[in-house]
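K.L.:
Sharing a structure here in structure tokens format.
The values are calculated or read from the model by the stated rules, or taken from the named source; none is laboratory data. Just so it is clear, the model here is predicted, and its values are computed rather than measured. Methodologically, a virtual Cβ is constructed for each residue, glycine included, from the backbone with ideal geometry; neighbour enumeration extends over all protein chains shown. Please note that ligands, DNA and RNA were not included when accessible areas were found on the heavy atoms of the full protein model with its side chains. Shrake-Rupley method; radii C 1.70, N 1.55, O 1.52, S 1.80 Å.
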Amino acid sequence: MPDATRATHADPAVERLWTGATVITFVRTIASFTLCLVGLWQEELTWLVVGLGVYWIGDMADGAYARLRDCETRIGGVIDMLCDRLNCAAFYLCFAALEHEMILPVAVYLFEFLVIDFFLSLAFLAWPIRSPNYFYEIDQRIYTWNWSKPAKAVNSSLFAVLLLVTGWWELGLVIAIGLVVLKCVSLRWLLQLGLPVPERAAQPTG
């Protein structure tokens, strides 16, 4: 009978930096970052939206490729998180620079995504799973509110679409504060769960 955890648990033997998925991650990161800078330089929102689209499509593509080709690694997962935050910060900071009324909701959102959510996402490293996408093996509640597909959509794409389509900074601020509260509750659950500490390696004798 096949091991049900094989697809979700990390394998030290296959951990490496360069995979097809990480190449996609680096390419989409550079492309999206460049497009956002062009948008800021040209003071043209269209470039920012294109950069955001490249980030989203690339983020879906690298994850899909990693699962399809079975090259999903913990190294790749951490790199993906870092690059997500670079692309996210580039878009929102450039957006706020062009649309000054969005500064407050963007500031609150970036605090949530770059600090609290990043800590939550890195917590998967305390367990032998490949990425936060498999955190349901550790805690279903934390997974559902943070890394299930609906949770990811609310935390990333829907917030940006809301700001771009409506232009209502007040509503954006309310949602950003709501996300902060949700992430703080998730953080409390995580701390109650506890982060395993690896055993200290035995010291060589002699």
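K.L.:
What's the longest bit of the chain with no exposed GluC sites (Glu not before Pro), using DSSP loop states and at most 14 other Cβ atoms within 10 Å as the test?
P.N.:
No qualifying site falls inside 45-198, the longest such stretch.
K.L.:
Probe radius 1.4 Å, ligands and nucleic acids ignored: give me the carbon and sulfur share of the accessible area of segment 1-127 as a rounded percent.
P.N.:
Carbon and sulfur: 71 percent of the exposed surface of segment 1-127.
K.L.:
To the nearest 20 Debye, how big is the dipole of the chain about its Cα centre, given +1 on the beta carbon of each Lys and Arg and -1 on that of each Asp and Glu?
P.N.:
For the chain, the charge dipole is close to 460 debye.
K.L.:
Give, in whole angstrom and from largest to smallest, the semi-axes √(5λ) of the equivalent ellipsoid of segment 51-105, with λ running over the eigenvalues of the Cα gyration tensor.
P.N.:
That gives 29, 11, 6 Å for the three semi-axes.
K.L.:
Then there is this: Beyond 11 Å, what share of the Cα-Cα pairs of segment 134-182 is found? Please give it as a whole percent.
P.N.:
69 percent
K.L.:
For segment 3-120, what percent of Cα pairs sit more than 21 Å apart?
P.N.:
44 percent
K.L.:
If you count only protein heavy atoms with a 1.4 Å probe, what accessible area per residue comes out for segment 1-144, rounded to a whole Å²?
P.N.:
51 Å²
K.L.:
In addition: Once the dipole of the chain is set up with Lys and Arg at +1 and Asp and Glu at -1 on Cβ about the Cα centre, which of Leu40, Gly53, Val14 lies farthest towards its positive end?
P.N.:
Toward the positive end, the furthest listed residue is Val14.
K.L.:
Using a 10 angstrom cutoff on alpha carbons, build the Gaussian network for the chain and name the most mobile of Thr73, Thr166, Thr144.
P.N.:
So, out of Thr73, Thr166, Thr144, the one fluctuating most is Thr166.
K.L.:
Let me ask something additional. Mind jotting down the distance between the C-alpha centroids of segment 156-182 and segment 50-124, whole Å?
P.N.:
Using only Cα atoms to place each centre, the spacing works out to 16 Å.
K.L.:
Pull out a ≥ b ≥ c, the square roots of the eigenvalues of the alpha-carbon gyration tensor of segment 102-206, then state rounded if a/c is under 1.5, prolate if not and a/b is larger than b/c, and oblate in the remaining case.
P.N.:
It is prolate, given that a/c is not under 1.5 and a/b is the larger ratio.
K.L.:
Measure nothing but the geometry: give the 0 to 90° angle between the long axis through the Cα atoms of 169-193 and the longest principal axis through the Cα atoms of the chain, rounded to 10°.
P.N.:
Once rounded, one gets 10 degrees.
K.L.:
Also, quick follow-up: When the convex hull of the C-alpha atoms of segment 52-141 is computed, what volume per residue in Å³ does it have?
P.N.:
Residue-normalised Cα hull volume stands at 100 Å³.
K.L.:
Any idea how far apart Asp11 and Asp70 come out in nm if each label point goes 7 Å out from Cα toward Cβ?
P.N.:
According to this spin-label approximation, the distance is 0.6 nm.
K.L.:
Sorted from largest to smallest, which semi-axis lengths in Å does the alpha carbon gyration tensor of the chain give for its equivalent ellipsoid, taking the root of 5 times each eigenvalue?
P.N.:
33, 21, 15
K.L.:
Show that you can apply the helix-only estimate: for the chain, add -39,500 (n - 2.57) for every DSSP H stretch of four or more residues, divide by all residues, and state [θ] at 222 nm to the nearest 500.
P.N.:
Here the helix-only value at 222 nm equals -21500 deg cm²/dmol.
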